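So the structure is just underneath, and the comments pick up after that.
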Amino acid sequence: MKLAISGTYSSGKTLTSYSLAHYVDIPRTRARTMRELLPVAVPGKTLEQCNGAELIQLIVRRHVERCVHESHLDKGFVSDGSSLQEWLYGAVRVIVGINPNDSVHLSDVETVERTPEMEFFDQVMGELGKAIKDHVKQTYDAFVHLPNELELAKDGHRPVNERFRRLADEGIAAAIDELGIPRHVVGGTLPERLNQIVDLFGFAPVMTVDEAIERAQQEYRAVDMTIESDRAWAVTAAS
């Protein structure tokens, strides 16, 4: 089975997918996170400092990495997210702005100004969405969608707000349904999520749920959490 764990920012996709891979012994696939890609793609910038063109580059990089990694696991895998989330994170910015924190004063019925640049960004997102949806339709057998029930992680990497998270969550779910791929909403604590997934798909655990979570947490702690502004300052100071 080719299973994707979907959801908006800070919904728990990474820990859930890491833990599930250990819990039932299936391969895990992922793309590098934005925080991992920024030093390569846009050195010295934080995500909130990126312009529209740079965001498109980041979206394409993550999509390509997913395609490459998934192509090597033809017998099945669990994916930490999917290209739908990268695309929706871009598409929603047509409503809330390239940096969503700049539009927190807007009401739920207001959008940012439709400048010529934003009109073009919208067109690019629309065309990119066609290719991404084709890939997703041909790749995944099912989605586990994690509800937007956790607090946004305050780690300096997420230039988003609750409106952005809600719009992205709704958009991801709608896109999955549009493609006709089974979508199972699974919430609760991490152990509860894992056991619900096992029950849904008939997976056979190969270790305790606590051991699987501990292994996942060790992997997650190994990810470089450095904010790009801090990284740039450190490089300047060292030189």
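The values are calculated or read from the model by the stated rules, or taken from the named source; none is laboratory data. All of these numbers come straight from a predicted model, not from anything done at the bench. Counting neighbours? That spans all protein chains shown, and the Cβs are built from the backbone with ideal geometry, glycine included. What goes into the accessible areas is simple: the full protein's heavy atoms, side chains included, and nothing from ligands, DNA or RNA. Shrake-Rupley method; radii C 1.70, N 1.55, O 1.52, S 1.80 Å.
When 1/r is averaged over all different Cα pairs and the result inverted, which Kirkwood radius in Å belongs to the chain?
Details: mean 1/r = 0.0538 Å⁻¹.
Computed over the chain, the radius equals 18.6 Å.
Accessible area per residue for the stretch 13-136 in Å², computed with a 1.4 Å probe and the full protein assembly in place, what is it? Mind dumping the intermediate values first?
On the way: 5390 Å² over 124 residues.
Spelled out: the 1.4 Å probe surface of the stretch 13-136, per residue, equals 43 Å².
Around S17, what is the net charge, scoring Lys/Arg as +1 and Asp/Glu as -1 over all other residues with Cβ under 9 Å from its Cβ? Don't jump to the answer; show the numbers that get you there.
Details: positive: K13, R28, R30; negative: D80.
With Lys, Arg at +1 and Asp, Glu at -1, the net is +2.
Please say if the stretch 6-65 is rounded, prolate or oblate, where rounded means a/c under 1.5 for a ≥ b ≥ c the square roots of the C-alpha gyration tensor eigenvalues, and otherwise the choice is prolate for a/b larger than b/c and oblate otherwise?
Judged from the Cα gyration tensor, the stretch 6-65 comes out prolate (a/c at least 1.5, a/b above b/c).
Any idea what the dipole of the stretch 1-115 comes to, in debye rounded to 20, about its Cα centre with Lys/Arg Cβ at +1 and Asp/Glu Cβ at -1? Mind dumping the intermediate values first?
Numbers: 13 positive and 13 negative charges, 75 e Å.
Dipole of the stretch 1-115, to the nearest 20 debye: 360 debye.
Find which of V42, V223, I26 sits farthest along the positive direction of the dipole of the chain, computed with +1 on the beta-carbon of Lys and Arg, -1 on that of Asp and Glu, about the Cα centre.
My answer, from the dipole projection, is I26.
What does the charge add up to near F121, with Lys and Arg as +1, Asp and Glu as -1, over the other residues with Cβ less than 14 Å from its Cβ?
On the way: positive: R93, R114; negative: E54, E113, E117, E119, D122, E127.
Residues near F121 contribute -4 overall.
Can you give the charge dipole size of the chain about its Cα centre, rounded to the nearest 20 debye, using +1 on the beta carbon of Lys and Arg and -1 on the beta carbon of Asp and Glu?
Values: 26 positive and 36 negative charges, 89 e Å.
Using Cβ point charges on Lys, Arg, Asp and Glu, the chain gives about 420 debye.
Which FRET efficiency value, to the nearest 0.05, is calculated for V64 and E127 with the Förster distance at 22 angstrom and r the Cβ-Cβ distance? Before the final figure, lay out each step's value.
Working: r = 16 Å, r/R0 = 0.73.
The calculated FRET efficiency here is 0.85.
Counting only protein heavy atoms and a 1.4 Å probe, tell me what percentage of the chain's accessible area is made up of carbon and sulfur. Kindly include the intermediate steps, with their values, before the conclusion.
Working: 6090 of 11250 Å².
Heavy-atom surface of the chain belonging to carbon and sulfur, 1.4 Å probe: 54 percent.
Considering the options V104, G90, F201, tell which one lies farthest towards the positive end of the dipole of the chain, charges being +1 on Lys and Arg and -1 on Asp and Glu at the Cβ, about the Cα centre.
F201
For every other residue with a beta carbon closer than 11 angstrom to the beta carbon of A142, add +1 if it is Lys or Arg and -1 if Asp or Glu, then tell me the sum.
Taking every other residue near A142 into account, the sum is +1.
Which value in nm describes the separation of the simple spin-label points at D210 and E178, placed 7 Å from the Cα toward the beta carbon?
Spacing of the two 7 Å Cα→Cβ label points: 4.5 nm.
Does the stretch 36-138 classify as rounded, prolate or oblate by the C-alpha gyration tensor (a ≥ b ≥ c root eigenvalues; a/c under 1.5 gives rounded; else a/b over b/c gives prolate, otherwise oblate)?
Values: a/c = 2.21, a/b = 1.65, b/c = 1.34.
Note, shape of the stretch 36-138 comes out prolate.
Within the set K45/K130; K45/K133; K13/K137; K45/K137; K13/K130, which residue pairs have Cα atoms separated by over 27 Å?
K45/K130; K45/K133; K45/K137
Measuring from label point to label point, each 7 Å out along Cα→Cβ, what is the D199 to N51 span in nm?
That separation, rounded to one decimal, is 5.2 nm.
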